[in-house]
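The values are calculated or read from the model by the stated rules, or taken from the named source; none is laboratory data. Everything numeric in this text was worked out from a predicted model, so none of it was measured. When we count neighbours, we look across all protein chains shown, and the Cβ atoms used for this are built from the backbone with ideal geometry, even at glycine. Protein only, heavy atoms only, side chains kept; ligands, DNA and RNA dropped before computing areas. Shrake-Rupley method; radii C 1.70, N 1.55, O 1.52, S 1.80 Å.
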Amino acid sequence: SPPEEVEDASEPTKRDRSHLENTLKLNEEKPADDVSGVLQRLRKIYHSSIKPLEHSYRYNELRQHEITDGEITSKPMVLFLGPWSVGKSSMINYLLGLDNTPYQLYTGAEPTTSEFTVIMHGPKLKTIEGIVMAADSARSFSPLEKFGQNFLEKLIGIEVPHKLLERVTFVDTPGIIENRKQQERGYPFNDVCQWFIDRADLIFVVFDPTKLDVGLELEMLFRQLKGRESQIRIILNKADSLATQELMRVYGALFWSLAPLINVTEPPRVYVSSFWPHDYHPDTHRDLFLKEEISLLEDLNQVIENRMENKIAFIRQHAIRVRIHALLVDRYLQTYKDKMTFFSDGEMVFRDIVEDPDRFFIFKSILAKTNVSKFDLPNREAYKDFFGINPITSFKLLSQQCSYMGGCFLEKIEKAITRELPDLLGSIGLGKKPNVLSCDVTGCGETPKNRYRKP
């Protein structure tokens, strides 16, 4: 009868949450593993072996990426990206059980999230203004100040006393709106996204199968995700809103649209499910959706358990980039010194070098050095801008960056990359028990850790 239908519509059945608690081990009272010693050593390596070279060659001006102590000690970060109204905020509400609490994130059919929302752990529910978050150096968000006041007004923090947030931080982002110019947002949206992408341990790119539109802003985003492929997980959300056959078509169409944007041999993992608290639609693949959800939760758990390994790998990757940058600046400077004569106009000489570095084999000569991959080389254009702000004469050659007591900057960073950081990584491995995933439940058949490393 009609009254019952109304009742059903107003109060949909809620799904059982026990698999969330079990998979994420939310009820376990386990002692937090002590990582403070490892963090101290990591901080020491960074400050003594990587930072001097970073400062000397102003790496921050090239990639706008200075690592703060807050960042070295921060929890793993999970970033939610994707078009508007695909269910990113609903998914966070669901994972944290925030529905029908005063702190649930707004959700709806219109673009509702216009801020970057950082959901982190705190003793009681409270909201923190972006300006306050950026001012607190211990929070690891202080570098965001450089994006200006307009952006800080679009940054908000929410503290929630939840077990999962003791081990991880979630970041919800404004939906990507196709055909929207970046200027209309009033702050450098792509740069801010890049800042979060560079620091995220796991990146969920969420899609709604009923409206699949890969437009310009999304293409830009995937360009920014280059080099982070092993962190990306694609989520085909709201999967129970389509019939099976339709869902298969959408799955194929999604890969077709994304294939040109993700250049890796192995496609990223796609999770097909419905991440919100309401029960699945009748006559849909409930078992499949539940297994997919548990797989995703295990993936999340793995990132939490591997947080120290990821942190060390992140610092090492940063060190490799700093080293390459220093080698390049050194090479530009050496070429400049070689070309200069008593009568030359320094600016003209250097303009020639910056305009056409290949004529002087600048990038080729770096590749000839050991262990530099051509995929790690920065963009040539970036150096035009870089030297526009930092005159070449303000730098010293690497051979002059040595001191009797401290040794040479280049040798120290090379030692950190090849010896100290791998040793630190090895020392963690010894104390860890191999992590057994319940693959009999999910049929995952593999541990989600770095699936891009060939066995």
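A few remarks follow.
- Number of the condition not met by residue 208 [criteria: (1) touching a His at 6+ places or on another chain (Cβ under 9 Å); (2) farther than 30 Å from residue 74 by Cα; (3) crowded, with 20+ Cβ neighbours inside 10 Å]: (1)
- Any hit, region 105-116, residues being modelled with pLDDT of 90 or more and either on the phi < 0 side of the Ramachandran plot or within 18 Å of the chain's Cα centre (by Cα) (or both): yes
- Scope region 378-395; condition farther than 16 Å from residue 57 by Cα and surrounded by 13 or more Cβ atoms within 10 Å (Cβ to Cβ); matching residues: 380
- Test: residue in region 137-148 that is in contact with a Gly (Cβ under 7 Å, 6 or more places away or on another chain), assigned to a loop (DSSP other than H, G, I, E, B), over 21 Å from residue 26 (Cβ atoms) and at pLDDT below 90: yes
- Matching residues, region 72-90, being under 19 Å from residue 312 (Cα atoms), open to solvent by 10 Å² or more (accessible area, probe 1.4 Å) and in a helix (DSSP H, G or I): 73
- Hey, residue 213 open to solvent by 20 Å² or more (accessible area, probe 1.4 Å) and modelled with pLDDT of 85 or more or not: no
- Test for residue 197: is it out of contact with any helix residue (DSSP H, G or I) (no Cβ under 8 Å at 6 or more places or on another chain) and either modelled with pLDDT of 80 or more or open to solvent by less than 20 Å² (accessible area, probe 1.4 Å) (or both): no
- Scanning region 34-71 for residues that are basic (Lys, Arg), in a helix (DSSP H, G or I) and touching a residue at least 40 places away in the same chain (Cβ under 8 Å) returns 41, 63.
- Residue, nearest to residue 35 (Cα to Cα), within region 315-336, restricted to residues that are free of Cβ contacts under 8 Å to residues at least 40 places away in the same chain and open to solvent by 30 Å² or more (accessible area, probe 1.4 Å): 317
- Residue among 241, 230 that alone is within 13 Å of the chain's Cα centre (by Cα) and on the phi < 0 side of the Ramachandran plot: 230
- Of all residues making up region 246-301, the number that are among the aliphatic types (A, V, I, L, M), open to solvent by less than 40 Å² (accessible area, probe 1.4 Å) and touching an Asp or Glu at 6+ places or on another chain (Cβ under 7 Å): 3
- Within region 349-370, the presence of at least one residue that is surrounded by fewer than 20 Cβ atoms within 10 Å (Cβ to Cβ) and under 30 Å from residue 38 (Cα atoms) is confirmed.
- Among residues of region 418-455 being modelled with pLDDT of 90 or more and in contact with a helix residue (DSSP H, G or I) (Cβ under 6 Å, 6 or more places away or on another chain), the one that is nearest to residue 201 (Cα to Cα) is 421.
- Hits in region 380-401 - residues which are part of a helix (DSSP H, G or I) and charged (D, E, K, R): 380, 381, 384, 385
- For region 244-274, taking the residues that are of a type in the set (Gly, Ala, Ser) and at pLDDT 80 or above, the one that is nearest to residue 87 (Cα to Cα) is identified as 274.
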